[in-house]
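Here's the structure, in structure tokens; my notes come after.
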Amino acid sequence: MWRLSAFLRRCITTSPGRHRKKDSLFIVHPDVKEALADHRPVVALESTIITHGMPYPHNFSTAKEVEVIVRAEGAVPATIGILEGSVHVGLSSDELDFLAQNKTALKVSRRDLPYVISKGLSGGTTVSGTMIAAHKAGIPVFVTGGIGGVHRDGENSLDVSSDLTELGRTPIAVVSAGVKSILDIGRTLEFLETQGVCVATYGESKSFPAFFSRQSGFTSPHHVSSPQEAADLIASTLSLGLHSGLLLAVPIPEEHAATGQQIEEAIQTAVTEASSKGVRGRDVTPFILQRVNELTEGKSLQANIALIHNNAKVGSQIACALSKHKEKSGSNFRGDIKTRKLKDQRIDSKTIVIGGINVDFIAKGTTKKLVFGQTNPGSVCQSFGGVGRNIADCLSRLGHKPLFISAIGKDSHSDAVLNYCKHMDTSAVARLQDQRTATYCAVITESGELSLGLGDMDIHQQIQEQYVCQFKDQLASASLVVVDGNIPVSTIDYVCQIAKKHAVPVWFEPTDADKACKPFLSESWKALSYTSPNLAELCTMNHTLGLPTPTELPRSLEDVLGCVPALSRPLLEHLNCVVVTLGALGVMVCGEHDAGTVNLQPQKQKQRKGRLCAIHYPALAMSSKETVNVSGAGDSFAGAMMVGILQGLDTDSCVRMGLLAARTSLLSPHPIDPSLTADAIHPEKPHSQLWSKPTCVWIED
């Protein structure tokens with residue numbers, strides 16, 4: 001629980017439509033989300049062709065027709081656009097029409113995304129903008145008309161489309177009709193080579209197409225002749241972890257290529273007009289396409305629509321072939337998370353923990369005061385932590401081995417982590433290619449207090465709903481599900497949704513004050529049964545709900561005993577119990593009064609019958625010299641208390657088990673003491689501790 005605060009990342013969630021609570025950056029359409037979760041083929045589609053590529057209503061009808069083609073080939077379309085400051089992955093018919101008729105919609109590439117989102121504006125995503133969103137959502141195949149490139153005279157103007165640099169740094173397969181013929185195709189191919197982008201023509205020839213023309217006079221380095229060959233190429237590219245995309249150039253259908261020469265002549269005329277009228281930058285392409293359509297009396301528009309239809313058909317066939325490839329290899333290409341055939345596996349665990357794994361480095365000073373800016377004497381040791389891992393470790397050592405769902409990298413730390421966690425069920429821990437296993441460094445004082453913490457925890461954002469949903473059956477039948485604050489908001493929302501539907505108790509461990517807000521950003525918190533915040537995290541929860549909180553945290557025991565019940569009261573409208581850890585002051589258990597204590601047992605119906613109360617348990621006495629490591633005490637307490645609840649023990653026994661487990665952690669260099677056993681903390685075993693009588697405080701309605 002003792003972790004350096006980190007800014008909360010806004011993560012992918014789902015919304016049925018445009019009018020929504022403004023709490024997310026990415027909105028994934030339910031159809032797309034379901035397809036990704038089921039590992040069915042999804043095809044990403046751009047939206048600048050809607051906002052800037054064609055006049056209304058041709059833009060709207062073409063967008064709809066393309067989606068129909070994608071579905072007819074067995075894939076799910078995901079048109080990507082920006083609506084009122086949020087990136088939508090998959091658009092409803094109304095949302096497509098909104099963009100098609102929007103006169104103020106912007107053209108949004110990587111450069112423009114921050115501004116458009118910050119201002120709450122709407123726009124069509126370019127190739128680069130669409131690639132970013134598709135990759136974020138886990139869609140490996142993207143279909144467009146033609147990509148941007150190096151503009152004519154680009155060697156002087158340095159006018160190079162961001163599509164090319166995006167292809168060099170985002171691992172997405174882009175299916176297009178090559179490069180728009182208004183550009184410098186030779187220099188574009190040279191630039192793609194410099195960016196390390198694999199380019200292949202789709203068909204029997206290596207001839208590189210030029211949008212309206214099947215031939216540009218240039219050749220691709222490679223070619224593929226079938227959807228299966230293209231899928232194999234994509235799979236190889238993504239599996240290598242090169243962090244670059246690939247371009248599949250699909251020639252316009254033969255029957256529409258006859259008008260190519262006429263269109264090319266019109267293009268030359270339009271280019272000359274654009275130059276004479278001073279049209280520059282991003283305005284060039286829409287101007288030329290509109291002028292060419294006029295000069296060819298609509299033939300260029302017809303050819304444009306035809307090639308887009310063809311690209312959608314070919315791209316969807318490739319996406320379907322790639323999906324079959326994934327089934328055979330067991331990889332979903334989002335960092336090589338392995339897809340487990342869970343229906344063929346029996347997992348006996350009735351408890352599930354979803355959260356982070358860290359490699360911890362604990363540096364403890366040997367002087368009374370640490371001086372920053374210079375080397376301090378002390379000791380440094382390595383251990384394995386992470387809130388979710390710690391709780392799963394504790395439960396396993398106490399005889400309740402849970403299914404642990406997490407993610408680690410394929411690096412030097414991952415083998416050591418798995419070897420250390422051999423006593424745990426780590427079958428659901430994903431190993432991700434080109435990701436770093438999370439690391440955490442804590443600098444603590446001689447007395448054991450945290451002075452500074454540094455964490456590299458980006459990998460925790462990969463514990464996404466698309467992965468966790470594989471374990472839906474286990475979640476629905478679990479006796480307890482534990483989630484920590486490291487995982488994305490969307491994953492917490494998904495788990496809470498399943499838990500609410502199947503009346504499964506959920507324990508939320510906040511991790512730190514910033515992450516404590518995650519379930520409370522939506523209605524998900526109402527599905528929780530337990531949470532174990534410290535006082536700062538409890539304040540965050542209340543603040544997120546729009547409730548008043550103290551400007552300064554209380555310090556004296558008297559003030560704490562007055563503050564905690566007041567802050568816990570709103571949460572107890574839906575939660576069964578709020579367990580507030582208070583460090584040296586002990587712990588306070590808040591919930592429904594029952595026979596002189598708090599009823600900890602999960603309730604199928606969350607309807608309170610008795611009065612609310614808070615029971616204060618003092619901490620076990622320890623000297624600062626005895627304290628070796630503070631990074632796992634709270635997790636040990638929570639894990640042991642969970643075991644007591646699962647065993648149906650009384651509240652005093654559950655809390656005492658937690659306090660004894662926390663003490664063993666404080667005395668150990670490891671977050672969870674490797675010698676921890678059920679016998680060592682059994683409440684009926686003789687212990688040297690003299691238990692202070694707990695104090696009951698009534699919570700006013």
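Kirkwood radius for the stretch 401-452, taken over all pairs of different Cα atoms as the inverse mean of 1/r, rounds to 12.7 Å. The mean accessible area for residues of the stretch 521-625, using a 1.4 Å probe and ignoring ligands and nucleic acids, is 46 Å² per residue. For LYS313, the aspartates and glutamates whose Cα comes closer than 17 Å to its Cα, not counting residues fewer than 8 places off in the same chain, are GLU46, GLU65, GLU67, GLU73, GLU229, GLU254, GLU255. Near the amide H of GLY385, within less than 5 Å, lie the amide hydrogens of ASN358, VAL359, ASP360, all on another chain or at least 5 residues away, with H placed in the peptide plane.
With all protein chains kept in place, the per residue accessible area of the stretch 31-105 amounts to 36 square angstrom at a probe of 1.4 angstrom. Modelled this way, with points 7 Å down the Cα-to-C-beta line, the labels at THR194 and TYR56 are 4.0 nm from one another.
Taking amide H as placed 1.01 Å from N in the peptide plane, ASP159 has its amide H under 5 Å from the amide H of HIS151, each at least 5 places away in sequence or on another chain.
Using 0.36 nm times the number of residues separating ASP650 and ASN419, minus their current alpha carbon distance, what extension gain do you get?
Difference between extended and current length: 79.6 nm.
Between amide H atoms placed 1.01 Å from N, distances below 5 Å from GLU446 occur with GLY365, THR367, all of them 5 or more places distant or on a separate chain. For the stretch 506-613, the spherically averaged projection of the C-alpha convex hull amounts to 6.7 nm².
The share of accessible area on the chain that comes from carbon and sulfur is 51 percent, using a 1.4 angstrom probe. With θ taken as phi - 60° and the Karplus curve 6.51 cos²θ - 1.76 cosθ + 1.60 applied, the whole-hertz 3J(HN,Hα) list for the stretch 51-56 is 7, 9, x, 9, x, 6 Hz, x standing for glycine and proline. Solvent exposure of the stretch 369-471 amounts to 39 Å² per residue of accessible area, where only protein heavy atoms count and the probe is 1.4 Å. Pairs exceeding a 31 Å alpha-carbon distance, out of LYS324/LYS518; LYS518/LYS625; LYS64/LYS410; LYS369/LYS693; LYS136/LYS364; LYS103/LYS136: LYS324/LYS518; LYS518/LYS625; LYS64/LYS410; LYS369/LYS693; LYS136/LYS364. May I have the pair-distance distribution P(r) for the stretch 63-205, computed from all Cα-Cα distances with 5 Å bins from 0 and rounded to whole percent? P(r) for the stretch 63-205, in whole percents per bin: 2, 9, 17, 21, 20, 16, 11, 4, 1, 0.
Under a point-charge model restricted to the Cβ atoms of Lys and Arg (+1) and Asp and Glu (-1), what is the dipole moment magnitude of the chain relative to its Cα centre, in debye to the nearest 20?
960
Helix 260-276 versus the longest principal axis of the chain: what angle, 0 to 90°, nearest 10, using Cα atoms? That helix lies at roughly 80 degrees to the long axis. Sequence-ordered 3J(HN,Hα) estimates for the stretch 285-292 from the Karplus curve with 6.51, -1.76 and 1.60 and θ = phi - 60° stand at 4, x, 4, 5, 4, 5, 5, 5 Hz, glycine and proline given as x. Compactness of the stretch 51-131 is given as radius of gyration and Dmax, 12.4, 38 Å, from Cα positions. Excluding same-chain neighbours fewer than eight residues apart, the aspartates and glutamates reachable from LYS368 by a Cα-Cα span under 18 Å are GLU446, GLU449, GLU626. Rounded to a whole number, what is D in µm²/s for the chain from Stokes-Einstein with the Kirkwood radius over alpha-carbon pairs (37 °C, 0.692 mPa s)? D = 119 µm²/s. Listed values for the stretch 450-466 are Karplus-derived 3J(HN,Hα) couplings in whole Hz (6.51 cos²θ - 1.76 cosθ + 1.60, θ = phi - 60°), namely 5, 9, 7, x, 10, x, 10, 10, 4, 4, 4, 6, 7, 7, 9, 4, 4, and x replaces Gly and Pro.
Remark: the TYR115-LEU547 segment gains 152.4 nm on full extension, using 0.36 nm per residue and subtracting the alpha carbon distance.
Each of LEU307, SER207, ALA428 was scored by the projection of its Cα onto the charge dipole of the chain, and the greatest displacement toward the positive side belongs to ALA428; charges sit on the C-beta of Lys, Arg, Asp and Glu.
The values are calculated or read from the model by the stated rules, or taken from the named source; none is laboratory data. It should be emphasised that the depicted structure is a prediction, and the values quoted were computed from it without experimental measurement. Backbone-built Cβ (ideal geometry, glycine too); neighbour counts: all protein chains shown. Note: accessible area is taken over every heavy atom of the protein model, side chains too, but ligands, DNA and RNA are not part of it. Shrake-Rupley method; radii C 1.70, N 1.55, O 1.52, S 1.80 Å.
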